[in-house]
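Working notes for the structure below.
Read-outs: derived from the displayed coordinates by stated rules, not from any lab. All of these numbers come straight from a predicted model, not from anything done at the bench. Backbone-built Cβ (ideal geometry, glycine too); neighbour counts: all protein chains shown.
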Amino acid sequence: MLDTSSSGNFFKSRELVVELEKHKRGGTTVTCNAGEVKVDEKGKFLPDRDLTIWYDKRLIANVLSFSQVKQTCDVEMIGEKFVVTWKDGTKWDFKHSSEFGFYYSDTDWSKNKHCDKHVLLASTAKYNKSKFTLRDVSKANKARNLEAILSFPSTRQYKGAVESNVILDCPVRSHDIEIASKIYGPHTAALAGKTTRRPSKEVLLPSPPPFLSIDPKYRRICICVDVLTVDGLKFITTIIPAIKHSTITAIEAATSRNIWAAMKPTINRYKRAGFTVDEVRGDGEFEAAKPVIEAFGINLRVCANNENGPYVERYHRILQERMRGLLANSAFNKLPKVLTRALAKYATFYLNHLPWNSGVSKTLSPAYIVSGQRLDYKNHCQLEFLEYVHVHNPSSTNIFCNKDLVKNIKNVKSRMDLNTTAGTLTSRQQCTVPDFEKFESPH
């Protein structure tokens, strides 16, 4: 806590104090609203040895004097928080508490002893319980149980019913409801049962493709195509060598019909964007599809094994690296088929929306060059792959099919429903990310 009224620095956390020793003159007396305590141990502050710290494990908080900190460190006000840069180069954020009126920094040094960034850890239910007495925690559990029995009323309605004595002999008080909310947060089951429908956002059409800012010769394109196999699943992948725009489509088998069914939408997409497809390059697997492709007015060039490699094989390596990275960042070692296909599309989506150093432009992404689409942080960068979310379906008339807990597949709208046996993809406008740090709940 950064206290503007404190005349000294007083700590209860031993790991933040170094060179600790008994004070030769008997120590000092700490006076506050809670009373007085005699402190006789003195040391140095770990991030800044110029700060003297009085230490006693009986204290209830770590308090830094604003006036002393300002004399030895850089302190700046950014928005509604103080940012302190210590002598060792670390930075702490002291945010304002509207509830208590002071500036604080919540840092778990037992886990981050060498943290050199801003640290503000999320509160767990176990940690939140430690702030209240056992009696208060027991009453909070009763309040949470009663909330479920009453079919999850709103907090205002719940507190109103308790305060107006609607429920006879009710042991729960509004204070217990507030404590339950502080410990556990919103009830996860209530999130799936009720959500106010929000108006749909206006869908803005992307700007016209900016191919006019690129050399006209790049408007005549050659598409390199190949078959990629991932965990037994086959995909048709395409890439334009100069622009670096790629596509990936799952197929059951590499037959001429499946190959053309996967490539036709891609070719039509490029034509609508103002590009001219002169040639399609593929290896021997595409020989059977040559009559179908050439009937569409496009020349198919069957390449030798290594002739198509510099473009497609390198793209396959990059794509598989991204897919392995996404899988390693999750809690799973193997995915079902529907998720493996979604993983390939997910990685391809973001490969297309970031500029390539070896492409025709180092500032424009392949997706922007082809279709004028750009990443939107609010729409495309809010959820990670395989992140759990609660999906809301306000318009559903079946109250027993709320499609509650799902896994995110693509940050845009596509998600996987875990209520089905095989797992199906669903698309919803609204979702809520559950706070698993507060998942320790009676329900």
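Brief remarks on what is shown
- Dipole moment magnitude, nearest 20 debye, region 128-185 about Cα centre, only Lys, Arg, Asp, Glu C-beta charged: 240
- Theoretical gain in end-to-end length, E384 to T276 [0.36 nm per residue, Cα-Cα removed]: 35.3 nm
- 37 °C / 0.692 mPa s Stokes-Einstein diffusion coefficient of region 268-390, Kirkwood radius on C-alpha pairs, µm²/s: 191
- Building the convex hull from the alpha-carbon atoms of region 128-185 and averaging its projection over directions returns 3.6 nm².
- The spacing between region 328-362 and region 128-153, judged by their C-alpha centroids, is 43 Å.
- Sorting H353, H23, H187 from the fewest to the most surrounding beta carbons within 10 angstrom yields H23, H353, H187.
- Approximate spin-label separation S256-K234, in nm, with each point projected 7 Å along Cα-to-Cβ: 1.5
- Segment N329..T52, full-extension length gain: 95.5 nm, with 0.36 nm per residue of separation and the alpha-carbon distance subtracted.
- When H96, H245 are arranged by Cβ crowding within 10 Å, least crowded first, meaning fewest neighbours, the order is H96, H245.
- Per-residue Cβ neighbour rank within 10 angstrom, fewest leading, R257, R49: R257, R49
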